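Read-outs: derived from the displayed coordinates by stated rules, not from any lab. Predicted, not measured: the structure shown is a model, and the values here were computed from it. Cβ atoms come from the backbone with ideal geometry, glycine included; neighbour counts cover every protein chain shown.
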């Protein structure tokens with residue numbers, strides 16, 4: 001089975017189990033463009049590029065010049081940081097001409113820098129995007145991260161599936177930018193991460209109010225899909241709860257209450 005066929009099968013199983021509305025996106029960090037994958041025309045933000053893949057089905061690679069967000073380009077390892085990002089002046093400066101008005105002073109902004117996960121600066125030449133159900137990217141050519149948007153309930157099932165086989169916990173980080181948490185962090189640390197997003201991530205992507213962001217290394221995908229399917233098969237009550245729509249509150253049945261009692 002080719003990589004494309006394997007990823008398509010796993011993607012379809014993941015989407016069916018989680019009831020995902022949009023397709024997850026595969027994002028690759030590499031030194032060379034993937035063979036046969038065209039370069040993106042023009043420029044955009046790393047977070048906006050997710051929409052090109054998940055909503056429009058586009059497959060493309062990017063260079064640093066394609067990235068209009070200078071901080072995102074730095075977090076993804078394509079460039080050096082610009083000075084006012086490191087000093088905190090950009091985050092604390094008055095919006096819109098002097099900065100982003102996100103902190104009361106540069107020193108407060110600087111205290112947040114250590115919580116960002118960044119790929120080693122200027123170590124990445126190419127970042128490529130593809131919908132997971134049509135992904136030609138080869139993991140031998142560079143690390144691949146799966147990024148998706150889902151409801152908190154779907155994220156609960158996804159994160160529990162990530163720890164199903166080996167235990168542990170999934171970490172969530174909110175404060176740093178979306179691309180730092182769901183793209184750079186899984187690539188650097190080899191783990192799943194979740195975030196509510198950042199202001200820019202919610203401004204420039206078509207993420208719904210009720211959704212959050214999740215990212216994980218693609219090598220975790222087979223175990224996650226297997227665990228999710230086993231969990232929903234073994235626990236039909238959880239499968240039914242997952243199927244409940246946004247806005248609905250679950251009311252536990254007498255049988256569910258009885259079965260919850262430890263033996």
Worksheet item: Per residue, what volume in Å³ does the Cα convex hull of the chain take up?
Response: 146
Practice prompt. Compute the long axis of helix 3-18 from its Cα atoms, compare it with the longest principal axis of the Cα atoms of the chain, and write down the angle in degrees, 0 to 90, nearest 10.
Written response: 60
Worksheet item: Normalised by the number of residues in the range 38-97, what is the relative contact order in percent for Cα pairs under 8 Å and 6+ residues apart?
Response: 30
Response to the item:
Shape call for the range 136-240, from the Cα gyration tensor axes a ≥ b ≥ c (a/c under 1.5 means rounded, otherwise prolate when a/b beats b/c, else oblate), comes out oblate
Discussion item. Can you compute the helix-only [θ] at 222 nm over the chain? Use -39500 (n - 2.57) per DSSP H run of at least 4 residues, normalise by all residues, nearest 500 deg cm²/dmol.
Written reply: -10000 deg cm²/dmol
Item to complete: Counting other beta carbons within 10 Å of each Cβ, put 193, 213 in order, fewest first.
Response: 193, 213
Worksheet item: Label point 7 Å out from residue 120 along Cα-to-Cβ: which residues of the range 176-205 have amide N under 17 Å?
Response: 184-190
Fill in: Degrees, to the nearest 10: 221-234 long Cα axis against longest axis of the chain
30
Worksheet item: Using a simple spin-label model with points 7 Å from Cα along the Cα→Cβ vector, what separation in nm is obtained for residue 196 and residue 41?
Response: 4.0
Worksheet item: By how many nm would the segment from residue 82 to residue 165 grow when fully extended, if each residue of separation counts as 0.36 nm and the alpha-carbon distance is taken off?
Response: 25.7 nm
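Can you give me the relative contact order of the chain as a percent, contacts being Cα pairs under 8 Å and 6 or more apart?
Details: 488 pairs, mean separation 61.1, N = 263.
Relative contact order for the chain comes out at 23 percent.
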Worksheet item: With a 10 Å Cβ neighbour count serving as the proxy for reagent exposure, in which order, fewest first, do 13, 111, 54 appear?
Response: 111, 13, 54
Discussion item. For the ranges 6-12, 104-110, 249-255, what's the packing order if you count other beta-carbon atoms within 10 Å of each residue, average per peptide, and put the highest first?
Written reply: 6-12, 104-110, 249-255
Worksheet item: Could you give the distance between the Cα centres of the range 180-229 and the range 67-128, to the whole Å?
Response: 20
